[in-house]
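Comments concern the structure below.
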Amino acid sequence: MANDTAAIDALEQHFEAVINAMENRFTSHEFFLRLAHDHQSEYVAGLAAYTEVGMPFRDLHHALIQRLKGLEGKLITLRNESYPSRDIFGTPSHSGLWKKL
């Protein structure tokens, strides 16, 4: 997996605004969609940083979750690590369920 911290840093600077725009409870997948929608250039750059392995969405989202967990107890809390959700492609999956503080 590529390690482009600059691309993740650029996305992370928008986390608080994206979280503020979310419902009180939201899934990681919903967070990714809102982040991608509201900050498309940075999101595409983030994906580009993870193209070497062939799973850029999975790898970018994993990196974003690691950063999102850094806000736990400050802005959000993780309510469930494996909550039924549809990924950004609409495929049934599981993701974290977050609650704003």
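Considering every alpha-carbon pair of the chain, the percent of pairs per 5 Å bin, from zero through the bin containing the longest distance, is 2, 14, 25, 26, 20, 11, 2, 0. For the chain, relative contact order (Cα pairs under 8 Å, six or more residues apart, normalised by length) works out to 33 percent. For the stretch 42-101, the convex hull drawn through the C-alpha positions has a volume of 96 cubic angstrom per residue.
Summing Cβ point charges (Lys, Arg +1; Asp, Glu -1) relative to the Cα centre of the chain gives a dipole of roughly 460 debye.
Counting only protein heavy atoms and a 1.4 Å probe, the chain has 57 square angstrom of accessible area per residue. All other residues whose Cβ lies under 14 angstrom from that of residue 53 are scored, Lys and Arg at +1 and Asp and Glu at -1, for a net of -2.
The values are calculated or read from the model by the stated rules, or taken from the named source; none is laboratory data. What you see is a predicted model, and the numbers here were worked out from it, not measured in a lab. Cβ sites come from the backbone with ideal geometry, for glycine too, and all protein chains shown count toward neighbours. In case anyone asks, the SASA skips ligands and DNA or RNA and just uses the protein heavy atoms, side chains included. Shrake-Rupley method; radii C 1.70, N 1.55, O 1.52, S 1.80 Å.
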